[in-house]
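Visitor: One structure follows; several queries about it will come next.
The values are calculated or read from the model by the stated rules, or taken from the named source; none is laboratory data. Predicted, not measured: the structure shown is a model, and the values here were computed from it. Ideal geometry is used to build each Cβ from the backbone, glycine not excepted, and the neighbour counts take in all protein chains shown. To get the accessible areas, we keep the full protein, side chains included, count just its heavy atoms, and leave off ligands, DNA and RNA. Shrake-Rupley method; radii C 1.70, N 1.55, O 1.52, S 1.80 Å.
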Protein chains: 2
Amino acid sequence: MSTRDRILSAYEELLINEGPRGATMDAVVALAGVSKGGLLYHFKNKEALAAALITRLQELAAEDIRTMAADPEGPSRYLVRESVYVGSALDRALIGVVRLAQASDAEASAVLERIHRDWMDLVLAEVGSPAIARAIVLLGDGLYYNEGLPGGWPREKSSSTAESVAELLEVVEVLKAHAASLQRSR
Amino acid sequence: MSTRDRILSAYEELLINEGPRGATMDAVVALAGVSKGGLLYHFKNKEALAAALITRLQELAAEDIRTMAADPEGPSRYLVRESVYVGSALDRALIGVVRLAQASDAEASAVLERIHRDWMDLVLAEVGSPAIARAIVLLGDGLYYNEGLPGGWPREKSSSTAESVAELLEVVEVLKAHAASLQRSR
DNA sequence: GTCTATATTCTGATAGAC
DNA sequence: GTCTATCAGAATATAGAC
């Protein structure tokens, strides 16, 4: 792993665990094990650090969306299955960029919006009904925030992840069945 | 409105729009139109400012939960109806405290967790099925983040709020009907 | 490519006048 | 109750040595 990647991952890690407030250049430097000058050789300022993380997210998300489109269980189930935070490279980049967006980074918001719309488009193409598609995507959003943000929305203590996801996938089936019946009755 | 309340609301406003990063004492002072000394008379340090906002949220949330329990359409529909951000005093305090929690404020997280559990308890008592209750609360969470965070998760451009909420309430009915059928088949 | 040293600006907080 | 003046420490960024 290159020094550049190590620095970027340290920044990501700090965004996730400490928030934008804690992701100072000093903290990044300490975690990545380089000096301040070393950091500034690779990223000329803090903005460049944020831009690089956003680029990393775009690349990972593009790949994920292709996987979602090709998933044998369909995009809806894929979305809900994968919305539980497991600490994948995509999860980490996504939450890091969400933190940036929360700190009013316009570029971060724009990228998140594009990813979100891609999800919505795939789910809509599968289920047909915009209302049901919206509900499924919102379910994924809620799950993501519930599970994924340390210190964000509190996690359900009950959720022994695996089985609670199975339950939610059942709910997704109920919604898909309803969407299908809407299709037939048109 | 007292000076104290004006200061606290300025802090809340900055948390929402600029994030914890931007909610500096200087910024609060500028927005509230008082001097730094004036602020520090009412709140002896920044921690006191955060604690006061959390207290404000607790009071507003306690009242809201009583309203939710007594709503004629039931807690589930109330939750989804009210989860769309409309800028009420509760909405604002809630998002402000979410921002604090994201900045690793333990007290903020604890209060959010209690509110969240109260919602879950009411919805569960109404629908009977934990899985369906969880889905409904997650739907509210997703909605809240989608609509409520400026620069957070992007808002659907399609959502002409009123009708998209009506659609989601339809989805809630589908879920409630399914929960009821689960109850009967036990 | 990476480091040290330093300049500059911002943030939170104190002391005391009015 | 509210203000001005001021400070210590942290954060970003620059310059230049190795």
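Visitor: Quick check: anything in the range A:118-128 modelled with pLDDT under 95, assigned to a helix (DSSP H, G or I) and on the phi < 0 side of the Ramachandran plot?
Guide: Quick first cut of the range A:118-128, residues modelled with pLDDT under 95 only: none.
Scanning the range A:118-128 turns up no residue that is modelled with pLDDT under 95, assigned to a helix (DSSP H, G or I) and on the phi < 0 side of the Ramachandran plot.
Visitor: Yes or no: residue A:77 away from DNA strand D (no atom under 16 Å from the Cβ), touching a residue at least 60 places away in the same chain (Cβ under 8 Å) and open to solvent by 60 Å² or more (accessible area, probe 1.4 Å)? Steps first, please.
Guide: Numbers: away from DNA strand D (no atom under 16 Å from the Cβ): yes; touching a residue at least 60 places away in the same chain (Cβ under 8 Å): yes; open to solvent by 60 Å² or more (accessible area, probe 1.4 Å): no.
The answer is no for residue A:77.
Visitor: Right, something else. Could you go through the range A:95-105 and let me know if any residue there is more than 14 Å from the chain's Cα centre (by Cα) and among the small types (Gly, Ala, Ser). Even if it seems obvious, please write down each step before you answer.
Guide: Initially, the range A:95-105 is screened for residues more than 14 Å from the chain's Cα centre (by Cα), giving A:103-105.
Keeping just the survivors that are among the small types (Gly, Ala, Ser) gives A:103-104.
The answer is yes, given that some residue of the range A:95-105 is more than 14 Å from the chain's Cα centre (by Cα) and among the small types (Gly, Ala, Ser).
Visitor: When the range B:9-24 is examined, which residues are found to be within 14 Å of another protein chain (Cβ to nearest Cβ) and of a type outside the set (Lys, Arg)?
Guide: Just the residues of the range B:9-24 that are within 14 Å of another protein chain (Cβ to nearest Cβ), to begin with: B:13-24.
Across the range B:9-24, the qualifying residues are B:13, B:14, B:15, B:16, B:17, B:18, B:19, B:20, B:22, B:23, B:24.
Visitor: I would also like to ask the following. Out of the residues in the range B:40-55 that are open to solvent by 30 Å² or more (accessible area, probe 1.4 Å) and outside any helix (DSSP H, G or I), state the one that is farthest from DNA strand C (Cβ to nearest atom).
Guide: B:44
Visitor: Going by the conditions given, is residue A:19 buried (at least 19 other Cβ atoms within 10 Å of the Cβ) and within 16 Å of DNA strand C (Cβ to nearest atom)?
Guide: Details: buried (at least 19 other Cβ atoms within 10 Å of the Cβ): yes; within 16 Å of DNA strand C (Cβ to nearest atom): yes.
When the stated conditions are applied, residue A:19 passes them.
Visitor: Please list, ordered by first then second residue, the pairs with beta carbon atoms under 8 Å, 6 or more apart or interchain, first in the range B:14-31 and under 15 Å from residue B:48 (Cβ atoms) and within 15 Å of DNA strand D (Cβ to nearest atom), second open to solvent by 50 Å² or more (accessible area, probe 1.4 Å) and assigned to a loop (DSSP other than H, G, I, E, B).
Guide: Qualifying pairs under 8 Å: B:29/B:35.
Table: residues versus (1) within 16 Å of DNA strand D (Cβ to nearest atom); (2) free of Cβ contacts under 8 Å to residues at least 60 places away in the same chain; (3) more than 14 Å from chain B (Cβ to nearest Cβ).
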site	(1), (2), (3)
A:34	yes, yes, yes
A:73	no, yes, yes
A:85	no, no, no
A:92	no, no, yes
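Visitor: Something else now. Identify, by number, the condition in (1) within 14 Å of DNA strand C (Cβ to nearest atom); (2) more than 14 Å from chain B (Cβ to nearest Cβ) that residue A:60 doesn't meet.
Guide: It fails just one condition, (1).
Visitor: Okay, moving on. What number of residues in the range A:107-134 are of a type in the set (Val, Ile, Thr) and open to solvent by 30 Å² or more (accessible area, probe 1.4 Å)?
Guide: Taking the range A:107-134 as the starting set, the residues that turn out to be of a type in the set (Val, Ile, Thr) are A:111, A:115, A:123, A:127, A:132.
After this cut, where a residue has to be open to solvent by 30 Å² or more (accessible area, probe 1.4 Å) as well, the list is none.
Residues flagged as of a type in the set (Val, Ile, Thr) and open to solvent by 30 Å² or more (accessible area, probe 1.4 Å) within the range A:107-134 amount to 0.
Visitor: Give me the pairs: first residue in the range B:105-134 and more than 8 Å from every other protein chain (Cβ to nearest Cβ) and touching a residue at least 40 places away in the same chain (Cβ under 8 Å), second residue basic (Lys, Arg) and surrounded by fewer than 23 Cβ atoms within 10 Å (Cβ to Cβ), beta-carbon distance under 6 Å, and six or more apart or on different chains, which are they?
Guide: Taking only residues 6 or more apart or on different chains, the pairs are B:127/B:176.
Visitor: Have a look at A:63, A:59, A:73 and point out the one that is of a type in the set (D, E, K, R), part of a loop (DSSP other than H, G, I, E, B), modelled with pLDDT of 95 or more and assigned by TED's automatic domain parsing to the domain that holds residue A:133. Steps first, please.
Guide: On the way: A:63 fails: part of a loop (DSSP other than H, G, I, E, B); A:59 fails: part of a loop (DSSP other than H, G, I, E, B).
Step by step, each of A:63, A:59, A:73 is checked, and only A:73 is of a type in the set (D, E, K, R), part of a loop (DSSP other than H, G, I, E, B), modelled with pLDDT of 95 or more and assigned by TED's automatic domain parsing to the domain that holds residue A:133.
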